[in-house]
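The values are calculated or read from the model by the stated rules, or taken from the named source; none is laboratory data. Quick caveat, the model's predicted, so the values are computed rather than measured. Using ideal geometry, Cβ is built from the backbone for each residue, glycine included, and neighbour counts are taken over all protein chains shown.
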Amino acid sequence: MEKQRIANALLLLRLGVFIVMIMWTLDKLINPQHSGAVFENFYGLEGLSSTAFMIIGLLQLVVVLAFVSGFMKRYSYGIVLILHGISTLSSWQQYLDAFNNLLFFAAWPMLAACIALYMLRDLDTRWTIDDPGKSAASER
């Protein structure tokens with residue numbers, strides 16, 4: 001019973017993180033101009049083409065789909081954690097003007113969820129695809 005509760009809680013965390021990540025992914029694919037403004041403003045990367053965002057978006061889509069399906073957890077959960085960590089930290093200026101940028105603070109609980117999912121990935125078993133040829137023990 002306890003394992004089921006943990007698995008259900010981790011599934012909810014995974015789905016919650018997925019909702020945000022899939023929207024960021026779709027933004028790159030559907031609205032590359034917006035993504036360009038975000039990359040320029042927060043990461044200092046200027047002049048990326050729509051094709052570049054299509055490639056980035058497609059690569060991110062592969063990772064996000066692997067993440068939501070629980071496939072290759074060490075890698076997919078780790079990459080999502082790194083991507084969201086970079087996103088959270090690159091917004092540091094917004095945190096300095098907290099009350100005019102309150103929505104940016106939602107990144108911190110999501111970062112905590114990403115960290116928890118990565119740390120507890122072996123317990124996240126609800127609706128996951130096992131990594132072929134690897135056991136949970138060999139992934140530690």
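What to note about this one:
- Within segment 1-86, helices (runs of 4 or more DSSP H) holding 2 or more residues that are more than 19 Å from LEU123 (Cβ to Cβ) and charged (D, E, K, R): 2-30
- Condition check for ILE6: aliphatic (A, V, I, L, M), surrounded by fewer than 14 Cβ atoms within 10 Å (Cβ to Cβ) and modelled with pLDDT of 95 or more: no
- For segment 43-64, filtering for residues that are over 25 Å from ARG14 (Cα atoms) and not hydroxyl-bearing (Ser, Thr, Tyr) leaves 6.
- GLY57 meets each of the listed conditions (1) over 23 Å from ALA112 (Cβ atoms); (2) surrounded by 14 or more Cβ atoms within 10 Å (Cβ to Cβ); (3) in contact with a Gly (Cβ under 9 Å, 6 or more places away or on another chain) apart from (3).
- Options MET119, MET54; residue that is of a type in the set (A, V, I, L, M, F, W, C) and either more than 18 Å from the chain's Cα centre (by Cα) or under 29 Å from MET1 (Cβ atoms) (or both): MET119
Here's the yes/no breakdown for (1) in contact with a helix residue (DSSP H, G or I) (Cβ under 7 Å, 6 or more places away or on another chain); (2) of a type in the set (Lys, Arg); (3) modelled with pLDDT under 95:
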| residue | (1), (2), (3) |
| --- | --- |
| LEU12 | no, no, no |
| THR25 | yes, no, no |
| GLY47 | no, no, yes |
| GLN60 | yes, no, no |
| TYR75 | no, no, no |
| SER90 | yes, no, no |
| MET119 | no, no, no |
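- Test: PHE39 is of a type outside the set (S, T, N, Q), farther than 18 Å from THR128 by Cα and buried (at least 17 other Cβ atoms within 10 Å of the Cβ): yes
- All of (1) at pLDDT 95 or above; (2) more than 11 Å from the chain's Cα centre (by Cα); (3) surrounded by 16 or more Cβ atoms within 10 Å (Cβ to Cβ) hold for HIS84 with one exception: (2).
- Checking each residue in segment 87-131 for being of a type in the set (Lys, Arg) and assigned to a helix (DSSP H, G or I) picks out only ARG121.
- Residue match in segment 66-75 (condition: among the hydroxyl-bearing types (Ser, Thr, Tyr) and within 14 Å of the chain's Cα centre (by Cα)): yes
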